[in-house]
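Accompanying notes for the structure given below.
The values are calculated or read from the model by the stated rules, or taken from the named source; none is laboratory data. What you are looking at is a predicted structure, and each value in this text was computed from that prediction instead of being measured. Cβ coordinates were reconstructed from backbone atoms using ideal geometry, including for glycine residues, and neighbour counts include every protein chain displayed. Just the protein is used for accessible areas: all its heavy atoms, side chains included, with ligands, DNA and RNA removed. Shrake-Rupley method; radii C 1.70, N 1.55, O 1.52, S 1.80 Å.
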Amino acid sequence: MRLPGAPEVAYRGDSLHLEDLSVSELARRFGTPLYAYSTASMERALSAYRRALVGRDHLICYAVKANSNLAVLQWFARQGCGFDIVSGGELERVLAAGGDAARVVFSGVGKTRAEMAQALAAGVLCFNVESVGELEALSAVAGASGRSARVSLRINPDVDAKTHPYISTGLRGNKFGIAHTEALAAFRHAAEQPGIEVAGIDCHIGSQITESSPYVEALDRLLDLIETLEAEGIAIPHLDLGGGLGIAYDTETPPDAEELIRRLLERIDARGHGGRKLLFEPGRSLVGNAGVLVSEVIYVKPGESKNFCIVDAAMNDLARPAMYGAWMRIVECERGQGEPQVFDVVGPICESGDWLGRDRALAVRPGAHVAILSAGAYAMSMSSNYNTRGRAAEVLVSGDQAWLVRERETTADQIRGEHLLPGR
Ligand SMILES: *Cc1c(COP(=O)(O)O)cnc(C)c1O
């Protein structure tokens with residue numbers, strides 16, 4: 001059976017492996033629920049972007065929110081990547097992981113003045129500004145600190161990324177970016193603001209995009225704007241096309257990153273912009289297929305209309321199914337353990353929305369391990385403590401080595417910072 005996603009996640013005989021390590025061995029060694037990530041898979045995904053961009057002035061800014069574990073960030077920093085951040089907290093993570101602030105772009109619709117001051121002091125590469133209000137606030141913060149802020153205006157190009165409505169961000173009705181019809185005025189305004197230096201233009205049209213055409217459409221709109229602005233004497237040094245490239249969870253067939261970038265470069269060259277500095281902000285496509293969530297079966301509960309496979313991972317560990325109705329593949333860590341039955345795979349949380357997969361054929365018994373595949377992105381980073389469940393441990397795998405990169409959270413960790421009332 002060919003599994004979707006990364007070749008680093010495959011059966012050897014009847015045992016699911018992540019690179020050279022048996023996933024059920026990892027579960028026994030580190031406990032469950034457990035997130036495990038393959039560095040070889042991350043490397044393969046990153047090199048697809050790199051191959052297409054050889055010889056170009058470019059920066060790949062890994063989108064921290066996809067998976068913000070410090071060791072994952074450190075790994076990307078060691079590869080020379082920059083980072084796309086959306087909060088002051090993410091900036092602190094990048095710096096703690098050894099990332100270079102000069103390679104950080106700061107995105108997000110709601111940057112506070114405190115976050116702006118923090119990022120200016122750290123010396124980020126640029127602010128991806130999403131509104132005129134934000135531009136004015138940034139100008140004031142820069143002025144007060146005697147610094148100058150490099151900005152790129154995030155344009156909402158009004159193209160349909162054809163993805164889930166919650167992760168579609170480049171349509172007129174979305175909260176993101178400056179409407180493309182207002183972009184020229186916003187850039188003219190930016191060019192005149194004290195403490196502001198125009199560094200670029202950007203867009204990010206959504207996530208889990210499985211076609212090239214929305215990117216090409218967005219690119220054309222941005223190039224139109226660049227041409228108009230530069231004709232007026234407002235230079236736009238870099239072009240940032242955001243992230244959003246999808247991965248295979250099941251039968252999706254997104255373009256390969258190399259293929260997508262080549263197609264965009266052809267268009268960029270054809271329109272005479274070949275020398276412009278290019279930025280990309282991929283998240284999911286770099287880490288999504290690199291990760292698995294490993295869980296132990298607690299009970300198998302036959303029902304009148306449904307059988308339930310109750311596992312020790314839940315919606316607090318992995319929110320995507322509950323939040324977006326996302327389909328993620330669930331497989332046995334050891335195959336060939338009897339006849340498969342059809343189950344809803346659910347967690348212990350007191351919500352009917354707490355399911356990880358519906359109608360899945362699995363041959364499992366209590367004590368067996370299952371792996372939820374393609375769980376490297378928007379999985380651990382969206383986890384919570386709902387039901388006072390400690391967050392999962394995380395390991396990074398390379399060949400036959402595994403490093404614990406996040407300890408399992410204890411209840412003491414969770415209640416630290418809470419206080420009882422005084423008196424009695
Ligand atoms: C989330 C986000 C990304 C990354 O998106 P992916 O779909 O994970 O590639 C890039 N840029 C911005 C501004 C984002 O908000």
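Packing-wise, with mean Cβ within 10 Å as the measure, how do 300-311, 6-17 rank, highest first?
6-17, 300-311
Go ahead and estimate [θ] at 222 nm for the chain from helices alone: -39,500 (n - 2.57) per DSSP H run with n ≥ 4, summed, over the residue count, rounded to 500.
One gets -8500 deg cm²/dmol as the mean residue ellipticity at 222 nm.
Looking at the square roots a ≥ b ≥ c of the eigenvalues of the Cα gyration tensor of the chain, which shape do they give, rounded for a/c under 1.5, prolate if a/b is larger than b/c, or oblate?
prolate
Quick one: Cα centre-to-centre distance for segment 364-394 and segment 213-266, in angstrom?
Using only Cα atoms to place each centre, the spacing works out to 34 Å.
Ranked highest first by average number of other Cβ atoms within 10 Å, how do 393-401, 315-323, 201-209 line up?
Answer by packing, highest mean first, reads 201-209, 315-323, 393-401.
Rounded if a/c is under 1.5, else prolate if a/b beats b/c, else oblate: with a ≥ b ≥ c from the C-alpha gyration tensor eigenvalues square-rooted, which is segment 81-204?
Oblate shape, in that a/c is at least 1.5 and b/c is the bigger or equal ratio.
For the Cα atoms of the chain, what angle does the longest principal axis make with the long axis of helix 39-53, in degrees from 0 to 90, nearest 10?
The helix 39-53 is inclined about 30 degrees to the chain.
Beta carbons within 10 angstrom, averaged per residue: use that to sort the peptides 134-141, 247-254, highest first.
134-141, 247-254
Is there a quick way to get the dipole size of the chain? I mean about its Cα centre, with the Cβ of Lys and Arg at +1 and of Asp and Glu at -1; what is the value in debye to the nearest 20?
Dipole of the chain, to the nearest 20 debye: 520 debye.
Would you kindly derive the ³J(HN,Hα) couplings of segment 177-192 from the backbone phi angles with the Karplus curve 6.51 cos²θ - 1.76 cosθ + 1.60 (θ = phi - 60°), listing them in order in whole Hz, with x for Gly and Pro?
Per-residue couplings from phi come out as x, 9, 3, 5, 6, 9, 5, 4, 4, 5, 5, 4, 4, 4, 4, 9 Hz.
Please compute the per residue accessible area over segment 107-282 with all protein chains in place, 1.4 Å probe, rounded to a whole number of Å².
Each residue of segment 107-282 exposes 39 Å² on average to a 1.4 Å probe.
Summing Lys, Arg as +1 and Asp, Glu as -1, what charge do residues with Cβ under 10 Å from the Cβ of R154 carry, R154 excluded?
Taking every other residue near R154 into account, the sum is -4.
Roughly how many debye, to the nearest 20, is the charge dipole of segment 107-282 about its Cα centre, given +1 on each Lys and Arg Cβ, -1 on each Asp and Glu Cβ, and no other charges?
Approximately 500 debye in magnitude.
Check the chain and count each lysine pair with an alpha-carbon distance under 30 angstrom, considering only pairs eight or more places apart or from different chains.
Within the chain, the lysine pair count is 10.
Pairing the Cα long axis of helix 213-231 with the longest principal axis of the chain, what angle in degrees results, from 0 to 90 and rounded to the nearest 10?
20 degrees
Quick one: among V105, V342, V198, which has the greatest mean-square fluctuation in a GNM of the chain with alpha-carbon springs under 10 angstrom?
Of V105, V342, V198, the most mobile in the Gaussian network model is V342.
Mind pulling the angle between the C-alpha long axis of helix 132-145 and the longest principal axis of the chain? Nearest 10 degrees, somewhere in 0 to 90.
80 degrees
Considering amide H positions built from the backbone, and no H for Pro or chain starts, which residues 5 or more places from L356, or on another chain, come under 5 Å of its amide H?
Sorted by chain and number, the residues that satisfy this are V345, V346, G347.
Determine the share of segment 130-240's accessible area contributed by carbon and sulfur atoms, expressed in whole percent, with a 1.4 angstrom probe.
Answer for segment 130-240 is 51 percent, counting heavy atoms of protein chains only.
Give the distance, in whole Å, between the Cα centre of segment 81-147 and the Cα centre of segment 154-201.
Computed from Cα coordinates, the inter-centre distance equals 17 Å.
7 Å from Cα along Cα→Cβ at both D359 and D250: what's the point-to-point distance in nm?
It works out to 0.9 nm between the two label points.
Classify segment 107-282 from the C-alpha gyration tensor, please: rounded if a/c falls under 1.5, else prolate or oblate depending on whether a/b exceeds b/c.
prolate
Collect residues whose amide H, placed 1.01 Å from N in the peptide plane, falls under 5 Å from the amide H of V104; neighbours closer than 5 in sequence don't count.
So V104 has HN proximity to F83, L125, C126.
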